[in-house]
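Reviewing the structure listed below.
The values are calculated or read from the model by the stated rules, or taken from the named source; none is laboratory data. These numbers were taken from a predicted model, which means no experiment stands behind them. FYI the Cβ positions are ideal-geometry reconstructions off the backbone, even for glycines, and counts take in every protein chain you see. Surface accessibility is based on the protein's heavy atoms, side chains included, excluding ligands, DNA and RNA. Shrake-Rupley method; radii C 1.70, N 1.55, O 1.52, S 1.80 Å.
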Amino acid sequence: MHDHRDDAIDDAARAWLIRMRGPDAHQLRHEFETWHNADPAHKAAYERAEAIMAQSAILKGSVRHGRARKSRPAAQRPFMQRWLTAGALAAAAAMLFVAISAGGASLSGPNGQNPMAAWAAEPLVTRHGEIRSFRLDDGSVVTLDTDSRLDVALTDNVRIVKLGRGRARLQIATDARPFRILAGAGEVTTTQASLDIGYDYDGMIGVTLSNGAAVIAPTGRNTSKSVIRQLPAATPLAYRADDAGLRLRARSPIYGDSEWPSGWAEYRTVRLDQLVAAANRYAAVPIKIEDPAIARLEASGRFRISQTDTFVRRLAQLFDLAIERRANGIHLQRR
């Protein structure tokens, strides 16, 4: 006979295994030990989960600039591999998201939602200077800008991602499950949309809906309907990352970066210091402008900001500047 209690204990054990290898392990230690010691079946289930993880291979892969690898149909892949296809790094035993109803266990998922979702063991990340795309198992595509981090949780009832740093473009596939995007004090919810969301240079988070429909509200489990707002299409907005009231404002026009997944940026008018700040997100060594008069110069046009040497040469040509390479960076100065 199928024992649903054993299934629940195994689910809880796998969830604890993921949580105790995450950043909150120290805070969860007492609660974990209480659950672990409450029943010999809990200890046995946890040991089984550890054994599975030890025997599982680490799945690695990436899709760069939207070119997806071929993969087996989802129905042919093992259950613990189906939630995320090419592009993620995840331990197979830790790639299971669960709804937990084990006696004595009380795990908090993102925002305390129930059923409770455990984050994947490995987040999606990019290194400094890297732009990279990932395809989720629901068909959504996530492109991460340089030095970005996105945690992912897909369950039977909800799809959740949390932007820890950097910037992401999300092309969200149609699905009955809501797709929630957490970033600072804000939470965007949709079932199908394309949007950009990311941390700006000044403590703000910018969000732009390209197509589809989405709403935004302050992050929290008891969000009032009165504070839920529809995101207007093609209207760049911003909010402070730490603003619990989530006061939306128009995003500064200096961010001419709708083409950032290709490494380009286009501006009608932008100050050189602001343009250089955008390029320094990708530069291995910083570009420096120390002359305030040069910093105030304005540029317009399309720039390959992800290619530092090409970018610097173009600025030097446009404004007749000298390039001096020093140990602390690339300096642009008057000739």
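Laid out as a table, the results:
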item: Residue tally, condition assigned to a strand (DSSP E or B) and surrounded by fewer than 19 Cβ atoms within 10 Å (Cβ to Cβ), over region 197-212; result: 3
item: Filtered residue count, region 174-193, keeping only those that are buried (at least 17 other Cβ atoms within 10 Å of the Cβ) and over 16 Å from SER148 (Cα atoms); result: 9
item: Residues that are over 18 Å from THR219 (Cα atoms) and either among the acidic types (Asp, Glu) or under 11 Å from the mean Cα position of the chain (by Cα) (or both), drawn from region 169-195; result: ARG169, LEU170, ASP175
item: The lone exception for GLY166 - which of (1) over 10 Å from the mean Cα position of the chain (by Cα); (2) within 23 Å of GLU130 (Cβ to Cβ); (3) in contact (Cβ under 8 Å) with a residue 40 or more places away in the chain it fails; result: (1)
item: Qualifying residues in region 106-142 (those that are among the polar types (S, T, N, Q) and not in a loop (DSSP other than H, G, I, E, B)) - the one modelled with the highest pLDDT; result: SER133
item: Qualifying residue in region 228-243 (condition: at pLDDT below 85, out of contact with any Lys or Arg (no Cβ under 7 Å at 6 or more places or on another chain) and open to solvent by less than 80 Å² (accessible area, probe 1.4 Å)); result: no
item: Residues within region 143-154 that are part of a strand (DSSP E or B) and charged (D, E, K, R), tallied; result: 2
item: Some residue of region 295-303 being touching a residue at least 40 places away in the same chain (Cβ under 8 Å) and surrounded by 14 or more Cβ atoms within 10 Å (Cβ to Cβ); result: no
item: Scope region 248-273; condition more than 21 Å from the chain's Cα centre (by Cα) and either hydroxyl-bearing (Ser, Thr, Tyr) or open to solvent by 60 Å² or more (accessible area, probe 1.4 Å) (or both); matching residues; result: ARG249, ALA250, SER252, PRO253, GLU266, TYR267, ARG268, THR269, ARG271
